[in-house]
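The values are calculated or read from the model by the stated rules, or taken from the named source; none is laboratory data. In this text, all values refer to a predicted model and were calculated from it rather than measured experimentally. Note: ideal-geometry Cβ built from the backbone for every residue, glycine included; neighbour counts use all protein chains shown. Note: areas computed on protein heavy atoms with side chains; ligands, DNA, RNA excluded. Shrake-Rupley method; radii C 1.70, N 1.55, O 1.52, S 1.80 Å.
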Amino acid sequence: MLPQALAVGVGAGFIAVCFRLSLDGGEAYRQQFLAHVAGRHELGIVVLFGIALAAIAVAAGTVSLLAPETAGSGVPQLKADLAANRRLRWVRILFVKFFSTWLGNSAGLILGRGGPSVQMGAAIGQGLSQLGSGRSPRDSAILLAAGGGAGLAAAFNAPLSGLTFVLEELDRRCSTLEFFVAAVACLSADMVCRALLGQDATFQIPFTPAPALTQLSAFLPLGVCAGLFGALFNYLMLRGRSLADLRGWRRWLWWAMLAGLVTFTAFRSPLLLGGGQALIDQLLNRDGFALQIVLAYWSIRFGLTVASANSGAAGGIFMPVLALGALLGWAFSLLIGPLLDNPVDPRLFATVGMAAFFTGVVQAPLTAIVLIIELTGNYALILPLFVACFMALLIAGWLKTSPIYDALMKSAGGRR
């Protein structure tokens, strides 16, 4: 399976790179458009609302008509397909997932690239498995899972995270064959990403030294907050699924409300729209924000993330969840910082908050820890990451909160 694993990784890596560049281009065009209409307040509001409503309708309508299995992140659908040994309609998934996420993100919806890259990578694995003769169902499933991990590896320039995600979320059998195929696919996908986009870490954050061992206890309450708010996020995500299933005038009313929220946010704080990498970069590379601003940003992003995920369009929650975690960690540092004997860089709390909140939502702590280390290139964060992430996992378990991808898969009843 070595040739197939290499091919899956190269294919998934190339698609993920094209997808990432397209999303970056769409966000850049949105910023230019907002700057152009900023001076024409009344007309700009009307124009932007019309564009946002049309984009949401087309993005969600394309999913509904052509490939309902591409709605949302795509990871729950992939988990259901792997569990049921189903074949993916891989050509449709590639086209619809790419187009719908790009259009919705460009219009201002808070949609990430992680989940779509996973599903499109799995689609590449499906296509290559169908080209091979005599491929067993088990081998096909292995290629699907490996393609998903390769997509994640290329989306964030993080090969170990892609491999960990396969073993922790997609294929938990963890035999030698699964590990080998996933490792080769993630490695080759990351090599494609590095060859085309460079070898820099996704987040260019100034190096923050590890906190003193006596300060590790400060990350325990951060993990508690991440677990509590992660449970709230999952609860609202599940309750909001009915919004994506609306039909007729009710569906258009929901889209109009969502377009109105996007328009309002675009004129008030355009930085809050889109996947969230620009927001994280500004938070961690500048002086950050005051506590009131952080809390307001977090509340708006929290609501818009849940709303965007239930719009019916394709789009992931990886990066949006990381952005919420960064804001949560920064706010926590402003609250607890004065209580510490020695000051701790707020960027450290924000970075650890990304992993902790991701753990509270997805409940995949190893993926979260490895992902943040690879995204920042800072291994010195390992101890606070462990403390906060496993505390978030304990809180999620205490609250009996199901991991978001498992919960979404079960709520869909395994439907395509």
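What the pair-distance distribution of the chain shows, using all Cα-Cα distances binned every 20 Å from zero, is 29, 59, 12, 0 percent.
Counting only complete DSSP H runs, which helices of the chain cover 18 Å or more along their long axis at the Cα atoms and score a mean Kyte-Doolittle of 1.6 or above?
Values: long enough: 2-37 (52 Å, 0.74); 41-66 (37 Å, 2.06); 90-107 (25 Å, 0.79); 114-131 (26 Å, 0.34); 137-156 (29 Å, 0.97); 176-197 (31 Å, 1.65); 219-239 (30 Å, 1.49); 248-268 (31 Å, 0.44); 291-309 (27 Å, 1.27); 318-336 (27 Å, 2.12); 346-362 (24 Å, 1.40); 382-398 (24 Å, 2.41).
Span-like helices here: 41-66, 176-197, 318-336, 382-398.
If you average the C-alpha positions of the range 9-69 and of the range 351-396 separately, how far apart do those two centres end up, in angstrom? When both Cα centres are located, 30 Å separates them.
Over the range 1-80, average the accessible area per residue using a 1.4 Å probe and give it in Å², no decimals. Write down the numbers at each step before the final one.
On the way: 3440 Å² over 80 residues.
Heavy-atom SASA per residue in the range 1-80 reads 43 Å².
Rolling a 1.4 Å probe over the protein heavy atoms gives the range 280-416 an accessible area of 35 Å² per residue. Ignoring ligands, DNA and RNA, what percent of the 1.4 Å accessible area of the range 178-247 is carbon and sulfur? Answer for the range 178-247 is 68 percent, counting heavy atoms of protein chains only.
Within the accessible area of the range 278-393, what % is carbon and sulfur when the probe is 1.4 Å and the other protein chains stay in place? Before the final figure, lay out the partial values.
Working: 2260 of 3500 Å².
The computed percentage sits at 65.
In this structure the amide hydrogen of residue 111, modeled in the peptide plane, comes within under 5 Å of the amide hydrogens of 274, 275, none closer than 5 places in sequence on its chain.
Close amide H contacts of residue 210 (hydrogens built in the peptide plane, cut-off under 5 Å, sequence separation of 5 or more or a different chain): none are found.
Using C-alpha pairs below 8 Å separated by at least 6 residues, the relative contact order for the range 291-352 is 35 percent. Scanning residues 5 or more positions from residue 314 or on other chains, those with amide H under 5 Å from its amide H are 72, 101, with H placed 1.01 Å from N in the peptide plane. Our summary of shape: the Cα atoms of the range 1-138 have principal axis extents of 62, 26, 19 Å, ordered from largest down, in whole angstrom.
R0 = 45 Å: FRET efficiency of residue 291 with residue 136, Cβ-based, nearest 0.05? Before the final figure, lay out each step's value.
On the way: r = 57 Å, r/R0 = 1.26.
Computed FRET efficiency for residue 291 and residue 136: 0.20.
Reported to the nearest whole Å, the Cα centre-to-centre distance from the range 229-272 to the range 93-160 is 25. Scaled against 2.2 N^0.38 Å for its residue count N, the alpha carbon radius of gyration of the range 139-266 is 1.48.
So for the range 231-325, averaging the separation of alpha carbon pairs under 8 Å that are six or more residues apart and normalising by length, what relative contact order in percent results? Can you show the working numbers first?
On the way: 56 pairs, mean separation 37.5, N = 95.
Value for the range 231-325: 40 percent.
How high is the relative contact order of the chain? Use alpha-carbon pairs under 8 Å, at least six apart in sequence, and give a whole percent.
Values: 783 pairs, mean separation 101.0, N = 416.
RCO, the chain: 24 percent.
For the range 28-109, just list the percent of Cα-Cα distances falling in each 10 Å bin from zero outward, please. That works out to 17, 39, 23, 14, 6, 1, in percent per bin.
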